[in-house]
Amino acid sequence: MKKIIIAIAIIIVLVAIGWYCRFIFGLASQMANPKVSTLEKEISWEKEHKLWGDYDDYEKEDYIVKGLNDYDLHVTLVKNPIPSDKYVIISHGFKSNRYGAVKYVDSYIDLGFNCIIYDMRDHGENEKAAVSLGQFESEDLYKLIEDTYNRYGNIKLGLHGESMGAATSLMVLAKKPKVDFVVADCGFDNLYDLIHTSYGVAKVGFVLPSVNAVMKLRYGYDMKKTSPKDALVGNEVPVCFIHGEADTFILPDNSQVNKAATAGYSELHLVPNAAHAQSREVLGKAEYRGIIGDFLNNIDFK
């Protein structure tokens with residue numbers, strides 16, 4: 001009988017370990033290998049929410065840029081109808097693609113910019129790859145910045161990002177790229193802390209160290225190092241932070257922490273009644289453009 005009890009106990013332990021491992025690997029996979037939106041779905045969403053604007057009327061050019069380790073990034077240049085030496089690279093959010101960045105194009109076109117939108121790794125038309133929500137993506141963005149100068153010459157260049165794209169646009173600043181400004185809409189300050197809060201709400205925060213271990217071993221990155229607030233230490237590039245006050249996914253506190261971390265000029269605009277990534281939709285094109293335009297005037301960008 002004693003042997004039977006021991007055998008049953010061992011089986012129970014092994015089953016529990018197996019379940020725990022599947023659970024951990026499943027959580028890690030949800031972040032590193034998410035089910036992303038298609039180009040067609042993103043177009044439909046933008047149009048349904050009246051965010052597509054005049055995109056179809058602009059002249060565009062598609063091309064591919066080599067990112068980190070020669071990873072192919074699908075890129076679209078949206079040309080301003082009036083020739084301009086001003087460019088902005090717009091980085092979309094988690095599970096979206098370059099068409100999720102279209103909502104911001106009209107505002108920048110009105111401000112005289114050419115807009116570069118692109119599929120971040122594992123998204124859109126790009127090949128499958130591990131998503132790090134900022135570490136690998138900031139390396140890709142750095143390559144895209146270099147390509148933009150090589151391709152278009154003596155230009156003025158800014159960055160704009162939403163959510164994961166905002167974190168990426170902030171993290172790239174640690175590499176001291178040649179950029180004139182960043183607009184960071186609803187970005188987080190540290191990925192590990194963000195997920196810890198989310199898991200804590202779900203009462204499973206205790207699993208995060210194990211999830212992070214899987215990230216390190218299987219996907220090659222440490223969530224603790226996906227940290228815009230650390231990348232901003234000593235940064236002197238002007239940053240405009242925008243965040244919805246009703247954002248419960250990435251709390252507005254994240255932008256406040258990031259603002260406190262940067263050494264250069266910065267602004268923080270909290271948007272009433274805007275949930276996650278909804279500031280542009282809630283404010284409308286003109287008011288959102290006004291925030292960016294005033295910021296550019298404040299930093300004497302011409």
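The values are calculated or read from the model by the stated rules, or taken from the named source; none is laboratory data. Keep in mind that what you see is a predicted model, and the values were worked out from it rather than measured. When we count neighbours, we look across all protein chains shown, and the Cβ atoms used for this are built from the backbone with ideal geometry, even at glycine. Just so you know, the surface numbers come from the protein's heavy atoms only, side chains and all, with ligands and any DNA or RNA stripped out. Shrake-Rupley method; radii C 1.70, N 1.55, O 1.52, S 1.80 Å.
Points to keep in mind about this one:
- With distances taken between every two different alpha-carbon atoms, the range 72-184 has a Kirkwood hydrodynamic radius of 13.7 Å.
- Accessible-area rank, largest first, for F301, F206, F249, F295: F206, F249, F301, F295, with all protein chains present and a 1.4 angstrom probe.
- Under the Debye formula (equal points on every Cα, no solvent term), log10 I(q)/I(0) of the range 258-300 at q = 0.13, 0.29, 0.30, 0.31 Å⁻¹: -0.34, -1.04, -1.05, -1.07
- Estimated D of the chain in µm² per second, where Rh is the Kirkwood radius over Cα pairs and Stokes-Einstein applies at 25 °C, 0.890 mPa s: 123 µm²/s
- Highest mean packing comes first when the peptides 225-232, 46-53 are listed by Cβ atoms within 10 Å, giving 225-232, 46-53.
- The smallest convex shape that holds all Cα atoms of the range 143-195, its convex hull, gives 77 Å³ per residue.
- Taking the protein heavy atoms of the chain in the context of the full set of protein chains, the accessible area attributed to carbon and sulfur is 55 percent at 1.4 Å.
- Per residue, the accessible area of the chain comes to 46 Å², computed with a 1.4 Å probe over protein heavy atoms only.
- Distance distribution P(r), the range 146-302, all Cα-Cα pairs, bin width 5 angstrom from 0: 2, 9, 17, 19, 19, 15, 10, 5, 3, 1, 0 percent.
- Length available on full extension from D72 to F249: 0.36 nm per residue minus the Cα-Cα distance, which gives 60.7 nm.
- Chain lengthening between K79 and N150 when straightened (0.36 nm per residue, less Cα-Cα): 23.9 nm
- Percentage, to the nearest whole number, of Cα pairs in the range 155-231 over 15 Å apart: 61 percent
- Each peptide in 142-154, 79-91 was scored by the mean count of other Cβ atoms within 10 Å over its residues; highest first, the order is 79-91, 142-154.
- Farthest towards the positive end of the charge dipole of the range 145-273, among the residues C240, A213, N273, is the Cα of A213, using unit charges on the Cβ of Lys, Arg, Asp and Glu.
- Considering only the range 154-273, percent of DSSP beta bridges that pair antiparallel, nearest 5: 5 percent
- Spatially near lysine pairs across the range 114-244, Cα under 17 Å, sequence gap of 8 or more or different chains: 11
- Antiparallel DSSP beta bridges within the chain, as percent of all bridges there, nearest 5: 30 percent
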